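S.K.: For reference, the structure I am asking about is given below.
What follows draws every value from the coordinates through simple rules; no lab data is involved. Computed from a prediction, not measured in an experiment: that's the story for all the values here. Cβ placement follows ideal geometry from the backbone for every residue including glycine, while neighbour counts extend to all protein chains displayed.
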Amino acid sequence: MKKELIELKVNGRMRELAVAPSKVLLEVLREDLQLTGSKRGCDDSSCGACTVLVDGTPMLSCTLLAASCQEQEITTVEGISEHGSLAAIQKAYGDRGGAQCGYCTPGFIITVKHLLSVNPNPSDEEIREALSGNLCRCTGYSQMYEAIKAAIEAEQRGLAAL
Ligand code: FES
Ligand code: FES
């Protein structure tokens, strides 16, 4: 099958890749770029484990053709650390036991990162709504919600300190 040349900006770095037209973004990230943080859970848009930001919007990379992302900016869980340190949500996940097996975690982290960028002080209902497309088989969700609340508080303390 003839490959197409595409350019993507991935975690701030321009990448030029030859991809088959049928290749999805998740495969390009994991197989061509060795960015294995994004996970393949269901492969049919049901679980959210493959969530990445495409031009700042959360998208399911398991069903998104890589060729359709020409010249777009992709952010994966590997790209959200801040100045070499863990993002507030990553740190809170670690501190509060937000992950057990961790398979769903990159997708949740990306979704929360986006939520806090558009709504720095979400209500419980808004958090639940934002996370409704991400599934976790292990945690029962309560520690994740605690981690998200802790990240919100940490970000607010950070803003207050500016
Ligand atoms: S692997 Fe993409 S939504 Fe489940
Ligand atoms: S921590 Fe295992 S699926 Fe969520």
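S.K.: With a Förster radius of 22 Å, plug the Cβ-Cβ distance of Glu16 and Asp55 into 1/(1 + (r/R0)^6) and report the FRET value to the nearest 0.05.
M.R.: For R0 = 22 Å, the calculated efficiency reads 0.75.
S.K.: Pairs of alpha-carbon atoms within less than 8 angstrom and 6+ residues apart define the contacts here; what relative contact order does the stretch 43-91 have, in percent? If you can, show how the numbers build up before the last one.
M.R.: Values: 43 pairs, mean separation 15.5, N = 49.
Worked out over the stretch 43-91, it gives 32 percent.
S.K.: Here's another thing I want to ask about it. Asn121: net charge of surrounding residues, Cβ under 14 Å, Lys/Arg +1, Asp/Glu -1, itself excluded? Intermediate results must be reported in sequence, preceding the final value.
M.R.: Values: positive: Lys149, Arg157; negative: Asp124, Glu125, Glu126, Glu153, Glu155.
Charge balance in the 14 Å sphere: -3.
S.K.: Using the Karplus equation 6.51 cos²θ - 1.76 cosθ + 1.60 (θ = phi - 60°), what ³J(HN,Hα) coupling, rounded to whole Hz, does each residue of the stretch 67-81 give in order, writing x for Gly and Pro?
M.R.: For the stretch 67-81, the Karplus curve yields 5, 7, 9, 2, 6, 9, 9, 10, 10, 10, 4, 5, x, 9, 5 Hz.
S.K.: Tilt of helix 105-118 relative to the longest C-alpha principal axis of the chain, in degrees (0 to 90, nearest 10)?
M.R.: Long axis of 105-118 versus the principal axis of the chain: about 70 degrees.
S.K.: What is the helix-to-structure angle for 142-160, meaning the angle in degrees between its Cα long axis and the longest Cα principal axis of the chain, kept from 0 to 90 and rounded to the nearest 10?
M.R.: Long axis of 142-160 versus the principal axis of the chain: about 80 degrees.
S.K.: Using alpha-carbon pairs under 8 Å, 6+ residues apart, how would you state the relative contact order of the stretch 95-145 in percent? If you can, show how the numbers build up before the last one.
M.R.: Details: 29 pairs, mean separation 31.0, N = 51.
Here the relative contact order equals 61 percent.
S.K.: Let me ask something else about it. At R0 = 41 Å, how high is the FRET efficiency between Arg137 and Lys3 if r is their beta carbon distance? Nearest 0.05 is fine. Intermediate results must be reported in sequence, preceding the final value.
M.R.: Working: r = 36 Å, r/R0 = 0.88.
FRET efficiency, Arg137 to Lys3: 0.70.
S.K.: Per DSSP H run of n ≥ 4, the term is -39500 (n - 2.57); total these for the chain, divide by its residue number, and report the mean residue ellipticity at 222 nm rounded to 500 deg cm²/dmol. Can you show the working numbers first?
M.R.: On the way: 4 runs with 49 residues, N = 162.
My calculation for the chain gives -9500 deg cm²/dmol from helical runs alone.
S.K.: Between Glu31 and Asp95, 0.36 nm times their residue separation minus their Cα-Cα distance comes to what?
M.R.: Working: separation 64, 0.36 × 64 = 23.04 nm, distance 3.08 nm.
Roughly 20.0 nm would be gained on extension.
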